[in-house]
Amino acid sequence: MSKPRVLIARRVFPEVVEALSARFEVATNEVDTPWAPEEFARRLAGCQGVLTTIMDRVDEALLAKAPDLKAVANIAVGLNNIDVAACTKRGIRVTNTPGVLNETTADLAWALLMAAARRIAEGDAYVRRGDWKIGFEMEANLGTDVHGATLGIIGMGRIGQAIAKRATGFDMEILYHNRSRIPEADEKRLNATRVERDDLLARSDFVLLMVPYSPAVHHLIGAVEIAKMKRTAILVNTARGGVVDDAALIEALKAGRIAGAAIDVFEGEPKLNAGYLGLRNAVLTPHVGSATRATRLAMCETAAANLTAALEGRAPPNLVNKELA
Ligand code: DGY
């Protein structure tokens, strides 16, 4: 009997391809740039399973051309590249990779917060440009204290809580805003208080976004919300592009309405609103929240395990459309 066919839409670790190849007939994207929709559909024809990244769009138009597809395993926790409802309608199981990237993404969020607070990128550029001529000028390159400050986390899921855990070591007051309250024991452990969003914006020295993307949170932070923040505050976005209105943030940073920002995710990435490039008070990274070798490998292995289970008729550990369990 011929093996089921699986497509891997981007280049992944060889050991993952090898493991999948033991069970399936596997084709991969060796060029490692996302395929255009027509090319993706052409490659997907006849496949039962696909491994996707956040750059690979799985929508109704693609699904219509993939009648054999049974499972989509996203190598990400976020699912905004996938029309889950359209998959469910067609009986296609969708999975993601929660858990394995929590700590790594929290590390990056923390690094960004620290970098923006202490102006690390600016300092690095200053040294490299040869502007460091006098030394120890009392009021040059001043940053913001992180220890003892108030951190507001919007989106207190697993990653939000992992970030809060780091903040406890810096004696920070933690405010959070979430649809539902986290268990009281976790609030106590993290010294975190649930507040309304506007209250959080007004009181926080650092506002950190960690909500999953959905149309409901599109431009959750725009000009109106930024106006509610302290002028000394720093915004950190490690959630998803589109959660922040980039144009409004750029305007606010230019006008000094807030002190700074650190951004890992952008609207329409990898294209960038060019306004960001000239801003000294913004630290920019290329969506690297989960980007350590160990974590990216764990994400790929998790996705491969999900796909294997789905195609072998077992329950995938991270099934998203639970109605298809
Ligand atoms: C995710 O898993 O959603 C991340 O953003 C990708 O690293």
Residue check, ALA252 among the small types (Gly, Ala, Ser) and either modelled with pLDDT under 95 or within 16 Å of TRP110 (Cα to Cα) (or both): no
Can you name the residue in the stretch 228-247 that is of a type in the set (S, T, N, Q) and outside any strand (DSSP E or B) and, of all such residues, is most open to solvent (accessible area, probe 1.4 Å)? THR232
Within the stretch 271-297, take every residue that is hydroxyl-bearing (Ser, Thr, Tyr) and open to solvent by less than 20 Å² (accessible area, probe 1.4 Å) and give me the one that is nearest to the ligand (Cβ to nearest atom). SER290
Where a residue in the stretch 280-295 is modelled with pLDDT of 95 or more and its partner, wherever it lies, is within 12 Å of the ligand (Cβ to nearest atom) and among the polar types (S, T, N, Q), with Cβ under 6 Å and at least six apart: GLY289/THR105; GLY289/THR238; SER290/THR104; SER290/THR105; THR292/THR104; THR295/THR104
Please work out which residue is farthest from THR232 (Cα to Cα), limiting yourself to the stretch 178-197 and to residues that are of a type in the set (D, E, K, R) and open to solvent by less than 70 Å² (accessible area, probe 1.4 Å). ASP186
If we keep just the residues of the stretch 138-154 that are of a type outside the set (A, V, I, L, M, F, W, C) and open to solvent by 10 Å² or more (accessible area, probe 1.4 Å), which is farthest from the chain's Cα centre (by Cα)? GLU139
Filter result (farther than 25 Å from LEU79 by Cβ and touching a residue at least 40 places away in the same chain (Cβ under 8 Å)) within the stretch 221-269: THR232, ILE234, ALA259, GLY260, ALA261
Condition check for GLY313: without any contact (Cβ under 8 Å) to a residue 24 or more places away in the chain and either open to solvent by less than 10 Å² (accessible area, probe 1.4 Å) or in the same structural domain as GLU15 (by TED's automatic domain parsing) (or both): yes
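The values are calculated or read from the model by the stated rules, or taken from the named source; none is laboratory data. The shown structure was predicted, so the numbers you read here are calculated from the model rather than taken from an experiment. FYI the Cβ positions are ideal-geometry reconstructions off the backbone, even for glycines, and counts take in every protein chain you see. Each accessible area value is taken on the protein alone, full model and side chains, heavy atoms only, with ligands, DNA and RNA left out. Shrake-Rupley method; radii C 1.70, N 1.55, O 1.52, S 1.80 Å.
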